[in-house]
2 protein chains.
Amino acid sequence: MSNLITLAHGNGGYFMRQLIEEIFATHLQNPGLDTNTDAASLPTLDGQLMMSVDGFTVKPLEFPGGNIGSLAIHGTVNDLAVSGAIPKFLSLAVIIEEGLEQTTLSRIIASMAEAARDAGVQIICGDTKVVPKGEGSGIYITTTGIGVRAKSLNLGLAQIKTQDKILLSGPIGDHGTAVMLAREQFGLKGNIQSDAASVLPLCQALYDLPGLKFMRDPTRGGLATVLHEIQRARKLGLRVYESQIPIRDEVISVCEILGYDPFYLACEGRVVAIVDEKQADLALERWHKIPSGQQANIIGLINNDLAQVVLETDLGGERVLEELEDDPLPRIC
Amino acid sequence: MSNLITLAHGNGGYFMRQLIEEIFATHLQNPGLDTNTDAASLPTLDGQLMMSVDGFTVKPLEFPGGNIGSLAIHGTVNDLAVSGAIPKFLSLAVIIEEGLEQTTLSRIIASMAEAARDAGVQIICGDTKVVPKGEGSGIYITTTGIGVRAKSLNLGLAQIKTQDKILLSGPIGDHGTAVMLAREQFGLKGNIQSDAASVLPLCQALYDLPGLKFMRDPTRGGLATVLHEIQRARKLGLRVYESQIPIRDEVISVCEILGYDPFYLACEGRVVAIVDEKQADLALERWHKIPSGQQANIIGLINNDLAQVVLETDLGGERVLEELEDDPLPRIC
């Protein structure tokens, strides 16, 4: 068998079976996965089930700090985690472009397996399609996750009120910048790694706080887009302080050179949490004890001012962060 | 807003929100769907949960008898149904190619909504990505389904033994042939409609039969591939009778002209069931009472002969149906 994926690898026959056995089943093996069934049985799960889906089309497929495989695990794990659910099971669907190297596919699926193990989730069913060369981009991955929500939790935009604090778990824009530099079209090089990671430890650290109102991971559209979502849903104002928002110097430099705005760049391992003002310091304390939360900060608050997202700049000025329209950086996840 | 999908429709910002509200939320609205959350809560489901995923890349997007939207519902509904589970909830992920007409997208999502209603499933979470022109093929859709298995059911390849009967619910090859003709590259026209449909009524009709061993819908690779799967798992022989296998004359004609073998062509609304010989007639009787099962037949049996899939031809000869290697017709689902 050649090293390249062919259309026959997606036809339901011998080559597809071989591909599934040699790459998918080998890396992803777990007690719940049976590649010979149409549907997988879920073990009994106590509690409120939650479901989330995400498609991944990042380009390039591999970048400093991750690849599309690990990202496809982290993305769906994170959507469940910020919703208050412990991720348990995932489905996996891949759309592979004819001509992808099997060694590349194998690396991607191996990373996926590692990320799934780290996050404590099992991939229990899957599907493989192959599309002709020129009608894909290496590989597209979709994951759907099932998780169980902690009983006490009642998170949602509707819980948010004025004086609540806005917490951010770490520096913004690392993922967007790392992927951008990996495209090599800018001739820039840097040491920036994607922040792509499971945010489950960060979220779990806050699950028992009654003052926890809402969490979201700022992916496409970045921090500004999460803040806008809150603004739109609650018709309240949001005020954040540039001096309190962690951003790496390298990210700022790259953004200045290329004209990007880090507030709109994707993260894949950060959390924005809205916490009652009385418990904000406690929440921050808990995040600081977690490796991925050491640079966490309280970056602003909800207020009754103009219903806008306002950034107070380092120089003391004010800048309205508008809702994203044009795409600053497509294909980031 | 222009009628064409742009990259900005996938960036997490204003245009994406507008697209989701105007097309997805409008057509797919149901009590469980909230397009503003990262994860959806599943209502309590009693019984054994099952999960299944399928990706859809069919070309052309629309064909006689369906489109990629309805197909994406039927495909996952059917995977659950043949596994003995009543489908309840679906996740939906779309990867749209820049330049797709919004009116086309709207038709596809409307068909999806109709198919979901007919099958009694709710789409409760979704994701939208847009890839640059030339890196997709209009739209790719992935659906993951959650269903509840009937308590008494114990289906599986391991239940199959010699003398069991092989039942087929209707004519084979309609979907494959309809899609092939819709591509127009052959200059042939016909009246063949895809058989794409929910097979849930067919499956449910047999759920309470203790003699029901195994069901599968013959999609990619067709009837022959399902028979091979059984052969491989059980190391038994399978003998089917050409005279008993329903195939439309039009399908036979097109296959003869183009050199395809209908035993390997995809169906999207048929079921192969393996039933204990004592209950095979009863199972057939039940299928005959259902509109989509009126042409159902007992097409063969499991035996102790050579461990092969053997077709007894209309002329009384024997032909070994080999496992599929080359792809007779890619991009069929």
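The values are calculated or read from the model by the stated rules, or taken from the named source; none is laboratory data. All values derive from a computational prediction rather than experimental measurement. Please note: Cβ atoms are built from the backbone with ideal geometry, for glycine as well, and neighbour counts cover all protein chains shown. Ligands, DNA and RNA are excluded from the accessible area calculation, which covers all protein heavy atoms including side chains. Shrake-Rupley method; radii C 1.70, N 1.55, O 1.52, S 1.80 Å.
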Evaluate the following for B:LYS151: is it over 23 Å from B:PHE63 (Cβ atoms), out of contact with any helix residue (DSSP H, G or I) (no Cβ under 9 Å at 6 or more places or on another chain) and either touching a residue at least 60 places away in the same chain (Cβ under 8 Å) or outside the structural domain of B:GLU242 (by TED's automatic domain parsing) (or both)?
-> yes
So A:ILE274 clears everything in (1) assigned to a loop (DSSP other than H, G, I, E, B); (2) touching an Asp or Glu at 6+ places or on another chain (Cβ under 8 Å) except one condition, right? Which one?
-> (1)
Does B:GLU97 meet the test of being acidic (Asp, Glu) and within 11 Å of chain A (Cβ to nearest Cβ)?
-> yes
Kindly indicate the residue of the stretch A:36-76 that is of a type in the set (Val, Ile, Thr) and more than 23 Å from A:LEU329 (Cβ to Cβ) and also nearest to the chain's Cα centre (by Cα) among those meeting that condition.
-> A:THR44
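To keep it simple, each residue is scored yes or no on (1) open to solvent by 10 Å² or more (accessible area, probe 1.4 Å); (2) more than 13 Å from every other protein chain (Cβ to nearest Cβ); (3) assigned to a helix (DSSP H, G or I); (4) more than 28 Å from A:ASP54 (Cα to Cα).
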| position | (1), (2), (3), (4) |
| --- | --- |
| B:THR104 | yes, yes, yes, no |
| B:ILE109 | no, yes, yes, no |
| B:THR128 | no, no, no, no |
| B:GLY134 | yes, no, no, no |
| B:THR144 | no, no, no, no |
| B:GLN163 | yes, yes, no, yes |
| B:VAL179 | no, yes, yes, yes |
Taking the stretch A:102-130 and keeping only residues that are over 17 Å from A:VAL58 (Cβ atoms), over 20 Å from the mean Cα position of the chain (by Cα) and touching a residue at least 40 places away in the same chain (Cβ under 8 Å), one is left with A:GLN102, A:THR103, A:SER106, A:ILE124, A:CYS125, A:GLY126, A:THR128, A:LYS129, A:VAL130
Filter the stretch A:146-161 for residues that are among the aliphatic types (A, V, I, L, M) and not in a loop (DSSP other than H, G, I, E, B) and give the result.
-> A:ILE146, A:VAL148, A:LEU157, A:ALA158
Name the single residue, out of those in the stretch A:218-240 being open to solvent by 10 Å² or more (accessible area, probe 1.4 Å) and within 12 Å of chain B (Cβ to nearest Cβ), that is farthest from the chain's Cα centre (by Cα).
-> A:ARG234
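Yes/no per residue for (1) open to solvent by less than 50 Å² (accessible area, probe 1.4 Å); (2) at the interface with chain B (Cβ under 10 Å from one of its Cβ atoms); (3) touching a Leu at 6+ places or on another chain (Cβ under 8 Å):
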{"residue": "A:MET16", "(1), (2), (3)": "yes, yes, no"}
{"residue": "A:ASN30", "(1), (2), (3)": "yes, no, no"}
{"residue": "A:LEU42", "(1), (2), (3)": "yes, yes, yes"}
{"residue": "A:PHE56", "(1), (2), (3)": "yes, yes, yes"}
{"residue": "A:ILE68", "(1), (2), (3)": "yes, no, yes"}
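Rundown of residues vs (1) in contact with an Asp or Glu (Cβ under 7 Å, 6 or more places away or on another chain); (2) farther than 23 Å from B:VAL82 by Cα; (3) surrounded by fewer than 20 Cβ atoms within 10 Å (Cβ to Cβ), yes/no style:
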position	(1), (2), (3)
A:LEU19	no, yes, no
A:GLU22	no, yes, yes
A:VAL53	yes, yes, no
A:PHE63	no, yes, no
A:THR76	yes, yes, no
A:LEU80	no, yes, no
A:VAL94	no, no, no
A:LEU100	no, yes, no
Which condition does B:GLN122 not pass, out of (1) open to solvent by 40 Å² or more (accessible area, probe 1.4 Å); (2) in contact with a Cys (Cβ under 9 Å, 6 or more places away or on another chain); (3) not charged (D, E, K, R), if it passes all the others?
-> (2)
